[in-house]
Each structure stands twice: as structure tokens, then as C-alpha cells.
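Novice: Sharing a structure with you now.
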Amino acid sequence: MENLKEFMLIFRMTPSETALTPEQLGQQHQQWGAFIGGIAAQAKFMGTNRLGFEGNLIHGTTETNQIADENTPIVSGYLLLKAENLAEATKMAKGCPILAAGGSVEIREIIPM
């Protein structure tokens with residue numbers, strides 16, 4: 001496990017105005033807990049955070065005050081993990097609950113600077 005590389009799983013989803021029921025929210029929390037717990041049980045979990053829906057996006061000198069709308073997938077969070085290679089990180093990402101909710105996961109190796 002000494003030669004493990006670091007990877008970031010980037011979660012994307014389209015914001016929904018449909019509120020989840022308390023039961024659905026509870027199920028979602030359990031699914032995410034199991035997903036993150038499975039990675040942590042392998043001693044490969046490094047950290048994770050959700051991102052808010054509001055933000056600014058800058059292109060050159062143009063700034064957009066809203067990055068989320070109902071039709072555009074946005075980065076909703078990320079998870080940092082350790083894996084032997086991209087294939088192993090991808091295999092772990094396939095268990096992400098965001099996939100069942102219509103979202104996507106981008107897997108990228110972290111390059112130390």
C-alpha cells in the first residue's frame with residue numbers, strides 16, 4: 001500500500017427542485033455512508049465534501065453569477081481516495097450512490113505540485 005496514488009472523484013448532478021421525503025433522504029444518507037465506509041474500511045479514504053449550488057464562474061474577464069440551473073449538471077462534491085491505479089479508483093467509483101440518482105462521477109489522478 002506504500003505506492004498508492006491519490007485520486008479525486010468529482011461528483012456531477014443536475015440540481016432538482018423536487019424535495020426528497022425524509023425517508024428518501026435517510027436512504028440517501030445510508031447509501032453514501034456505506035459507499036464512503038467501504039472505501040474507509042480499505043484504508044483508502046482521504047476526505048470528502050459537498051459543494052453548495054450557488055457560486056460564480058469566471059471565463060477570462062466574464063463572470064457568471066449563477067452556476068446552477070435546472071438543465072446543467074454541476075459539480076456537487078468530491079471525494080479523495082488512494083488507489084493503486086486509475087482502474088482501481090474507477091472500480092471503487094462505480095459504487096457511488098450519485099450514479100443511481102442520475103449523476104456522474106469523474107475520476108482523476110491528483111498530480112502533486
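Novice: Residues in the stretch 15-41 that are over 14 Å from Cys96 (Cα atoms) and exposed (fewer than 13 other Cβ atoms within 10 Å of the Cβ): how many? Steps first, please.
Specialist: Going residue by residue through the stretch 15-41, those that are over 14 Å from Cys96 (Cα atoms) are 15-26, 41.
Among the residues that remain, those that are also exposed (fewer than 13 other Cβ atoms within 10 Å of the Cβ) are: 16-26, 41.
Adding up the residues that qualify gives 12.
Novice: Something else: Kindly provide the set of residues from the stretch 91-106 that are under 13 Å from Ile39 (Cβ atoms) and not in a loop (DSSP other than H, G, I, E, B), ordered by number. Spell out the reasoning first.
Specialist: Going residue by residue through the stretch 91-106, those that are under 13 Å from Ile39 (Cβ atoms) are 91-97, 105.
Once the filter is applied, which keeps residues that are under 13 Å from Ile39 (Cβ atoms) and not in a loop (DSSP other than H, G, I, E, B), the stretch 91-106 yields Lys91, Met92, Ala93, Pro97, Val105.
Novice: Here are some conditions: (1) more than 24 Å from Ser16 (Cα to Cα); (2) of a type in the set (A, V, I, L, M); (3) assigned to a strand (DSSP E or B); (4) over 13 Å from the mean Cα position of the chain (by Cα). Ile58 meets all but one. Which one does it not meet?
Specialist: Here Ile58 meets the rest and fails (1).
Novice: Any chance you could count how many residues in the stretch 19-43 are without any contact (Cβ under 8 Å) to a residue 40 or more places away in the chain and either at positive phi or in contact with a His (Cβ under 7 Å, 6 or more places away or on another chain) (or both)?
Specialist: 0
Novice: Now a separate question. Kindly provide the set of residues from the stretch 2-14 that are out of contact with any Pro (no Cβ under 9 Å at 6 or more places or on another chain), surrounded by 11 or more Cβ atoms within 10 Å (Cβ to Cβ) and farther than 17 Å from Leu99 by Cβ, ordered by number. Can you show your working first?
Specialist: Pass one, the stretch 2-14, residues out of contact with any Pro (no Cβ under 9 Å at 6 or more places or on another chain): 2-5, 7-11.
Still in the list and also surrounded by 11 or more Cβ atoms within 10 Å (Cβ to Cβ): 4-5, 7-11.
Those that are out of contact with any Pro (no Cβ under 9 Å at 6 or more places or on another chain), surrounded by 11 or more Cβ atoms within 10 Å (Cβ to Cβ) and farther than 17 Å from Leu99 by Cβ: Leu4, Lys5.
Novice: Still on this structure, please answer the following. Quick check on the stretch 44-60: of everything there that is surrounded by fewer than 13 Cβ atoms within 10 Å (Cβ to Cβ) and without any contact (Cβ under 8 Å) to a residue 24 or more places away in the chain, which residue is nearest to Gly103 (Cα to Cα)?
Specialist: So the residue we want is Gly52.
Novice: On to the next question. State the number of residues belonging to the stretch 43-66 that are within 30 Å of Asn3 (Cα to Cα), at pLDDT below 95 and in contact with a Leu (Cβ under 8 Å, 6 or more places away or on another chain).
Specialist: So the count comes out to 0.
The values are calculated or read from the model by the stated rules, or taken from the named source; none is laboratory data. Computed from a predicted model, the values in this text were never measured in an experiment. Don't worry about glycine lacking a Cβ; one is built from the backbone with ideal geometry, like all the others, and counts go over all protein chains shown.
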